[in-house]
Number of protein chains: 2
Amino acid sequence: MKPFIQVMKALSDPNRVKIIKLLEQKSMCVCELRAALNISQPSVSKHLKILEASGLVDFQKNGLWVDYFLTDGRQSPYAATLLGSLKHWLNEDPELTGMITEIPVLDRETLCKR
Amino acid sequence: MKPFIQVMKALSDPNRVKIIKLLEQKSMCVCELRAALNISQPSVSKHLKILEASGLVDFQKNGLWVDYFLTDGRQSPYAATLLGSLKHWLNEDPELTGMITEIPVLDRETLCKR
DNA sequence: TCTATATATTCTTTTTAGAGAATATACTGC
DNA sequence: GCAGTATATTCTCTAAAAAGAATATATAGA
């Protein structure tokens, strides 16, 4: 029961769902996500930790950056199914589509050297 | 986004998931659910309200009793998909299977006249 | 209409979750 | 090793969620 609840809880916060929908497009580092969501960096890190613990995302260190990406769902059947469903869901949501169209503008190199 | 979050939130509480798994077996009234979950009656009513608002359950008044049952999911595609998945999920969970085997013992007539 | 009973609602308390500021850690290049 | 930068963690505050006690509502039957 616990793993199931963990996935549901992870997906019941709007910012975390936004992160999932962003990562559907491409893997992103913390500062890119922070810019896309317009919330603080610690907040992004904490959301990512929750998503990781539930088996929805994973990460790879890349020098100073940490790239987050969606898992293949091998760690959790619940995560796998939900990630699959989410690919079809919410694609008409104006807030999300707006956010996604802004992705190309996010340039890691310029974003992080502030 | 809101309807999606609402379904996820509804399913991120253990007692509400238990209610769903119980209603998979048969429709039940509040006092039967209360006995199965061993929590207070107001608590059951509030959980049911949350489940109803998210489109996961519906009810029918039956005299003094109110029978709750799973929806066909027509009100929410998210609810529909999750209810479908849940039929396969958590069926090996000892807490849940134990609870479900106790259902036949719950007799509405004896339960409610306390 | 009066009583009894099933459920809903309100109220209060305790726990949990989310936010950002401040700080710590980890990695890179010199 | 030192300086700079990306990310993680800690701390504190505020808001939301869950619980049960007490109360209100609604229905059935005498």
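Taken together, the values in this text are just the output of simple stated rules run on the coordinates, not laboratory data. Predicted, not measured: the structure shown is a model, and the values here were computed from it. Cβ coordinates were reconstructed from backbone atoms using ideal geometry, including for glycine residues, and neighbour counts include every protein chain displayed.
The HN-Hα couplings worked out from phi for the range B:78-89 by the Karplus form 6.51 cos²θ - 1.76 cosθ + 1.60 (θ = phi - 60°) are 5, 4, 4, 5, 5, 4, x, 5, 4, 4, 8, 8 Hz, whole numbers, x standing for Gly and Pro. Relative to the other identical copies, A:VAL66 shows label-point distances of 4.5 nm, where the label point lies 7 Å from Cα along the Cβ direction and values run shortest first. Simple rule: put +1 on each Lys or Arg Cβ and -1 on each Asp or Glu Cβ in the protein assembly as shown, find the dipole, and look at B:LEU70, A:PRO3, B:LEU82; the Cα lying farthest toward the positive end is A:PRO3. Each copy carries A:GLU102; placing its label point 7 Å along the C-beta direction from Cα gives inter-copy distances of 5.0 nm, listed from smallest up. Based on DSSP H segments of at least four residues, each scored -39500 (n - 2.57), chain A has a per-residue ellipticity at 222 nm of -17000 deg cm²/dmol. Along the Cα-to-C-beta direction of A:CYS112, a point sits 7 Å from the Cα; which residues of the range A:1-38 have their amide N less than 16 Å from that point? Residues A:27-36 fall inside that zone.
Close amide-amide hydrogen proximity is noted between B:VAL57 and B:GLU52, B:THR71, each under 5 Å apart and 5 or more residues distant or on a separate chain (H modeled in the peptide plane; Pro and chain starts excluded). Here the protein assembly as shown has an Rg and Dmax of 20.5, 70 Å, counting Cα atoms alone. In the assembly of identical copies, B:SER27 has its label point, taken 7 Å from Cα in the direction of the beta carbon, separated from the corresponding points by 5.1 nm (ascending, one decimal). How high is the FRET efficiency from A:ASN15 to B:HIS88, r the C-beta distance, R0 30 Å, rounded to 0.05? About 0.50, to the nearest 0.05.
For GluC sites (Glu not before Pro), the sites in the range A:1-101 that DSSP calls loop and that have at most 10 other Cβ atoms within 10 Å are A:GLU92.
Short to long, the 5 Å bins of the Cα pair-distance histogram for the range B:2-112 hold 2, 12, 25, 25, 20, 11, 4, 1, 0 percent of all pairs.
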